[in-house]
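Scroll down for the structure; my scribbles are underneath it.
The values are calculated or read from the model by the stated rules, or taken from the named source; none is laboratory data. Just so it is clear, the structure is predicted and the values come from calculations on it, not from any experiment. As a convention, Cβ positions derive from the backbone with ideal geometry for all residues, glycine included, and neighbour counts pool all protein chains shown. Areas reflect the complete protein model, heavy atoms only, side chains present, ligands, DNA and RNA absent. Shrake-Rupley method; radii C 1.70, N 1.55, O 1.52, S 1.80 Å.
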Amino acid sequence: MWRTQHLILLAALALSALGGCKSTERPFIRDVDAKPLVRTTEERVRLKQPCRKYPAYIPDESTNGPLVPERVIRVNYHIMNSADTNHAFVAEIGTPYVQELTREINQKLAENIPMSLPAARGTPVLPTRLRLEIAPIRGMFRDDGVYYHFDDELYAYVHKGRNRNNSDMRVIKKYAIQPDSVLNIFILPHHPDSVKSQTYSAGGGGIALGKAMKLSGIITTGLPPSEFAGMTVHEIGHILGLGHTWRYSDGCDDTPHHPNCFYPGEPPCDSLISNNVMDYNHWQQAWTPCQLGSAHRNLSRRSGTARSLLKRNWCEPLPDHDLVIRDTQVWEGEVDLFGDVVVAEGGHLTIRCEVSFPRNARLLVQPGGQLVIDGGLLTNDCGLPWKGIVLGCRGRDCGRVTLTEEAEIHHVEATVRKD
Ligand SMILES: [Zn+2]
């Protein structure tokens, strides 16, 4: 009898203990669960700074991990010709040519190479995580993103002399398609009158103009797409906010100055040859960490001038893209995520800038995990609903969340329904 009572008591105790440790999850309620974190104005200004600094945007797996994803830049092409077809770069030739040019560019972007300048020896060679995609108008029958225009006034490119028009925006204003969301690449022949001049160089040249660029030399020289991939990537570099490096201050301390030699040759071009994308040289293929960080900053920041050119592939979740935080991490850049985030036991995540979660994703803070939203904004960048912060609890022990008063959380499912 005693034994039976004892066993029953033990079983009851065990059940109650199990009940006490039961794991549950519940939505985070800001007014109830948040611990406030108060900052002075000075601190707030200082802490906002990191969102503007390039190191948080360097595509380096060892520092920023998956927070700097591959970016797909949407492009289209315009081939300019005179009304009486001054050149034979027509659709049968031009379209396969620019498709091959796009492949060559993507090949270059996929193969970042070590900096060749002696002063830059040892510079890390990181993946660029940049790629182009030709973007026709969605749903437009037979649109392949390559357009042909016949215009006697605007078809030609002149980079020298009194008829110089390389920075003239008229051809772009007249013919650009999806100019806000697609990088419009105009391919123009050198003007036949200029080509006749012995002092005019009718070779490859380009100019970046806002979210468009003009390229010349492709039609006139007849050279293959591989010869123009570097030049085009260079202009894309400008559109992503990068400057020349050889004798200018480009804001990067890993791009040393040099004589800007195009090919190897007589001294100083026997050794001081750059292969950097933002110089004039035969390769234009090496990107430094600072250049990549600066380019990705422009693409990641909501205020970035080139962000609107991206394929917006972060609105919906992707499989196998959940992040589990088990260590201490501080996110100091604007981020687009592709899955859930779990702050696991022992994990400590501080978010200081805007972070976009895909539709239906959630930010789970497990017991023993800590989340600090320090002036940041959690949202879905596409205006779609997501599940917000979820607290994991073991009994009464839940994940901890701290917020500054200016921290914001937008587009959480319940809020979206209420609106
Ligand atoms: Zn340039």
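Using +1 on the beta carbon of Lys and Arg, -1 on that of Asp and Glu, and nothing else charged, what's the dipole of the chain about the Cα centre, debye to 20?
That gives a dipole near 1080 debye.
Given R₀ = 60 Å, what would the calculated FRET efficiency be for R162 paired with K53, taking r from the Cβ atoms and rounding to 0.05?
E(calc), rounded to 0.05, equals 0.85.
Where does the Debye-calculated log10 I(q)/I(0) of region 62-101 sit at q = 0.26, 0.31, 0.35 Å⁻¹, using only Cα point scatterers of equal weight, no solvent?
Once normalised to I(0) and log-transformed, intensities are -0.93, -1.09, -1.19.
Can you give the three extents of the C-alpha atoms in the chain along their principal axes, from longest to shortest, in whole Å?
113, 54, 45
Would you tally the net charge around G230, using a Cβ to Cβ cut-off of less than 11 Å, leaving G230 out, and scoring K and R as +1, D and E as -1?
Result for the local shell: -3.
Counting heavy atoms of the protein chains only and a 1.4 Å probe, report the per residue accessible area for the chain as a whole number of Å².
50 Å²
E25 accessible area, nearest 10 Å², 1.4 Å probe?
Accessible area, nearest 10 Å²: 100 Å².
Rank M80, M140, M169 by mean-square fluctuation in a GNM of the chain with C-alpha springs under 10 angstrom and give only the top-ranked residue.
Ranking M80, M140, M169 by mean-square fluctuation puts M140 first.
Of the beta bridges DSSP finds with both residues in region 70-300, what % are antiparallel, to the nearest 5?
DSSP beta bridges in region 70-300 are roughly 20 percent antiparallel.
Along region 209-217, what does the Karplus equation 6.51 cos²θ - 1.76 cosθ + 1.60 (θ = phi - 60°) give for ³J(HN,Hα), rounded to whole Hz, x for Gly and Pro?
Residue by residue, region 209-217 yields 10, x, 9, 9, 8, 10, 10, 10, x Hz.
So how exposed is D60, as accessible area in Å² (1.4 Å probe, rounded to 10)?
40 Å²
What whole-number distance in Å separates the alpha-carbon centres of region 204-244 and region 283-332?
When both Cα centres are located, 24 Å separates them.
Please provide three numbers in whole Å: the alpha-carbon extents of region 70-300 along the principal axes, with the largest listed first.
So the three principal-axis extents are 53, 46, 27 Å.
Take every Cα-Cα distance within region 304-397, group them into 10 Å bins from 0 onward, and report for each bin the whole-number percent of pairs it holds.
All Cα pairs, binned at 10 Å, distribute as 17, 48, 29, 6, 1 percent.
Please report, as a whole percent, how much of the solvent-accessible surface of the chain comes from carbon and sulfur atoms (probe radius 1.4 Å).
Carbon and sulfur together cover 54 percent of it.
Pick out, from H149, N298, T221, the residue whose Cα sits farthest towards the positive end of the charge dipole of region 70-300, with +1 on the Cβ of Lys and Arg and -1 on the Cβ of Asp and Glu.
Final value for the positive-end residue is N298.
Please work out the FRET efficiency for the pair E133 and S303, using the Cβ-Cβ distance as r and a Förster radius of 22 Å; give the result to the nearest 0.05.
Result of the calculation: an efficiency of 0.40.
Please report, in debye to the nearest 20, how large the charge dipole of region 129-281 is about its Cα centre when each Lys and Arg carries +1 at its beta carbon and each Asp and Glu carries -1 there.
460 debye
From the C-alpha gyration tensor of region 171-254, pull out the three semi-axes of the equivalent ellipsoid (sqrt of 5λ each), sorted largest to smallest, in whole Å.
Each semi-axis is √(5λ); the values are 24, 19, 12 Å.
Hey, could you grab the Kirkwood Rh for region 294-340? Inverse mean 1/r over distinct alpha carbon pairs, Å, one decimal.
Computed over Cα pairs of region 294-340, the Kirkwood hydrodynamic radius comes out at 12.3 Å.
How about the chain: what cysteines have no other cysteine beta carbon under 4.7 Å from their own?
Among the cysteines of the chain, those whose Cβ sits 4.7 Å or more from every other are C21.
Quick check: net charge around N163, other residues with Cβ under 13 Å of its Cβ, Lys/Arg +1 and Asp/Glu -1?
+1
Consider a paramagnetic label point 7 Å from the Cα of D151 along Cα→Cβ; state which residues of region 43-87 have an amide N under 18 Å from it.
Backbone N within reach: 76-87.
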